[in-house]
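Asker: A single structure is presented below for examination.
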Amino acid sequence: MTSDRPRYARIEQLTNTLLIESGISAPPVPVEQIIRARGIVIQTKSLGEVSGLVIRKGKEIVIGVNKDHPPNRRRFTMAHELAHALLHHGNEVHYDKDFRINLRSEESGLGIHVEEIEANFFAACLLMPRRFLDAD
């Protein structure tokens, strides 16, 4: 369930827990390791104009990342999509097979869609934790 407002405190708590559980105490944050430790598959493919996506089928989760984007962008995309996987239910879409996917709309880039705000904040908190910045 998604809130009407971004859940900043919950997201900071969740990212701190992920870092502690993963034994990460200094940068750079190994985002791929964190994702894979949760049993989530990462696939890098050419996705055209799409940066990334989350696909769910049952308990299986796949994060797709655009291989044509620069490495730093891919890292942020992976963290952003992990947020969707952990925080948001996604929309059900039917093609040849049933699965759920987080889709990006025109609103997504405007900074007004709560799920996108949360996913961006999550990615920033995971990749640049406040305690790492304070220590630097």
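Asker: How many residues does the range 5-54 hold that are of a type outside the set (Asp, Glu) and in contact with a strand residue (DSSP E or B) (Cβ under 9 Å, 6 or more places away or on another chain)?
Answerer: Total satisfying the criteria: 18.
Asker: Restricting to the range 6-21, name every residue that is open to solvent by 30 Å² or more (accessible area, probe 1.4 Å), closer than 14 Å to residue 126 by Cβ and either among the aliphatic types (A, V, I, L, M) or assigned to a loop (DSSP other than H, G, I, E, B) (or both).
Answerer: Residues satisfying the conditions are 14, 20.
Asker: Under 6 Å by Cβ, and 6 or more places apart or on different chains, what pairs join a residue from the range 115-126 that is of a type in the set (Val, Ile, Thr) and in a helix (DSSP H, G or I) with one that is at pLDDT below 95 and surrounded by fewer than 22 Cβ atoms within 10 Å (Cβ to Cβ)?
Answerer: Pairs that qualify, where the first residue is of a type in the set (Val, Ile, Thr) and in a helix (DSSP H, G or I) and the partner is at pLDDT below 95 and surrounded by fewer than 22 Cβ atoms within 10 Å (Cβ to Cβ), are 117/6.
Asker: Quick one: which residue in 33, 43 is in a strand (DSSP E or B) and open to solvent by 80 Å² or more (accessible area, probe 1.4 Å)?
Answerer: Testing whether each residue is in a strand (DSSP E or B) and open to solvent by 80 Å² or more (accessible area, probe 1.4 Å) leaves just 43.
Asker: For the range 46-60, give me the residue count where each residue is open to solvent by 90 Å² or more (accessible area, probe 1.4 Å) and in contact with a helix residue (DSSP H, G or I) (Cβ under 9 Å, 6 or more places away or on another chain).
Answerer: 0
The values are calculated or read from the model by the stated rules, or taken from the named source; none is laboratory data. Bear in mind that the values here come from a model prediction, so they are computed numbers and not experimental data. Reconstructed Cβ throughout: ideal geometry from the backbone, glycine too, with neighbour counts over all protein chains shown. The accessibility values were calculated without ligands, DNA or RNA, using every heavy atom of the protein model including side chains. Shrake-Rupley method; radii C 1.70, N 1.55, O 1.52, S 1.80 Å.
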